[in-house]
Structures are given as C-alpha cells and as structure tokens.
Amino acid sequence: MALNDVRANSETRRRDIVHVARKLFAERGYAATTMDDVAEAVKFSKPIVYQSFPSKESLYHEIVVETAQQLLASLAEATQTADPRDKVESAFRVYFRLVTEETDAYRILFLHSHDGERAAELRNVELSLISFIEPQLAAGISDEHRRLLAAAVVGMAEGAGVSWLVRQEALDWPSLGGGEADRLASQIATLAWGGLRAVHGD
C-alpha cells in the first residue's frame, strides 16, 4: 500500500508540475521560464521538481508530446463519420477547440515552439498532423500530391489559429460566448472543402 501511495503521489506531482509549467511556458516562452519559476509556482521544492523532470527540456517535451497526442486522438475520434464534408469540419472543430479552449497548450505548440531549438518540436507536431490528414484525402492522386495537400490543410488551420490568438491577445483576452470553435471551423472548412473538391487526379 505504501508503494502505491508513493507512486500515486509521484504521478500527482507530475500532473501538477505539468499543469503549472504549461501556463508559465505559454505566458513567458521557453527561454524566459526557469525550473525555479516552475518550482515556485507549483509550490514544490526544486529537488522535488527535478525528481519528476530531470531538466526543463524534458518537462517542455512532455507537455508538447502530451498535447499533440491528445489532439491526434481527438481528431481520430472526430473523423469517424463517413460523410467527407462532415469529416473536414469535424477535424477543424477539434483543432479550433484546442485554439479557443486550451489556449495555453496551443500557444506552446504553435507560437513558442517556433523559437530556437524548440522549432524541432513544432516540426514533429506538424508532421504528425500531416500524416494524419493524408489518408483522409481522396484517392486518385499521387502520394506526393496527397501529402502536399495535407500540408496545405495543416498550414491553413495553423495560420488561422495563430491569427485568431494574436488578435485575442491584442484585445486583452476578451470574454467570448460559446460556439467560437464551431464558427471558426465552419469558416475554414468551407474554404478547405471548396479547394479539396476542385482537386483532380494526377
């Protein structure tokens, strides 16, 4: 029982550290956030933080990987529908829910990960999204063509998400009514669907 308690406490600590660090990284960026900052914010001693994560890099990496995995799992669930148009909008809806409802996580993935060495983390997330989108596209085109279109869809979503986020920040994070993710998904899906329908076989 004691061992289980220790393990549970360790897992709880890790979750607490990740939760607090996600907010700090989102607000300050990777370079400006220290493990001292994390320890102070989560109210653990620095050695306790280092027991859970041996470095700031490992902590940041876990946040990125965890968020990306959750996004991909949600996309897989949302695109079970057989209707191609619904599939496109459902995928965008999941993506824009991350933008509008999990803003800290999105800022880490698609804003701060552009910085310095963190760029590799962003590339990995983008490549995972492209690999997910590829098989969702129509047959009859070459693999190279399909991958190019998948990359374009990911770029469209990322560009719209970053633009929305920057505007919200400039407006000092105004309070929003419900349905913001649905609105964004509908608008971008209409553009994406119109373009994908126009694609012809190679």
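Read the figures in this text as sums done on the coordinates, not as results from a lab. Values in this document were obtained by computation on a predicted structure and should not be read as measured data. Cβ atoms come from the backbone with ideal geometry, glycine included; neighbour counts cover every protein chain shown.
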When the dipole is taken about the Cα centre of segment 1-159, and only Lys, Arg (+1) and Asp, Glu (-1) are charged at their Cβ, what size is it in debye, to the nearest 20? 220
Note, segment 168-179: 3J(HN,Hα) by Karplus (6.51, -1.76, 1.60, θ = phi - 60°), whole Hz, Gly/Pro = x, goes 4, 5, 5, 8, 6, 6, x, 6, 10, x, x, x
What fraction of the Cα pairs in segment 4-65, stated in percent, has a spacing above 13 angstrom? 57
Calculating Rg/Rh (Cα atoms, Kirkwood Rh) from this structure picks out, from (1) 0.97; (2) 1.26; (3) 1.03, entry (3)
If R₀ is 35 angstrom, what is the calculated FRET efficiency for the pair Ala170 and Val199, using the beta carbon separation as r and rounding to 0.05? 0.50
Nearby lysines by direct alpha-carbon distance to Lys46 (threshold 29 angstrom, same-chain neighbours under 8 apart not counted): Lys23, Lys56
Euclidean distance between Cα centres, segment 30-67 to segment 95-161, Å: 26
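Once the Cβ-Cβ distance between Asn9 and Glu180 is put in as r, and R0 is 45 Å, what FRET efficiency do you end up with, to the nearest 0.05? Before the final figure, lay out each step's value.
Details: r = 38 Å, r/R0 = 0.84.
With R0 = 45 Å, the Cβ-Cβ based efficiency is 0.75.
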Mean residue ellipticity at 222 nm from the helices of the chain, using -39,500 (n - 2.57) per DSSP H segment of n ≥ 4 over the full residue count, to the nearest 500 deg cm²/dmol? -25000 deg cm²/dmol
Within straight cross-link reach of Lys43, meaning Cα distance under 18 Å, which aspartates and glutamates are found once same-chain residues fewer than 8 apart are removed? Glu11, Asp16
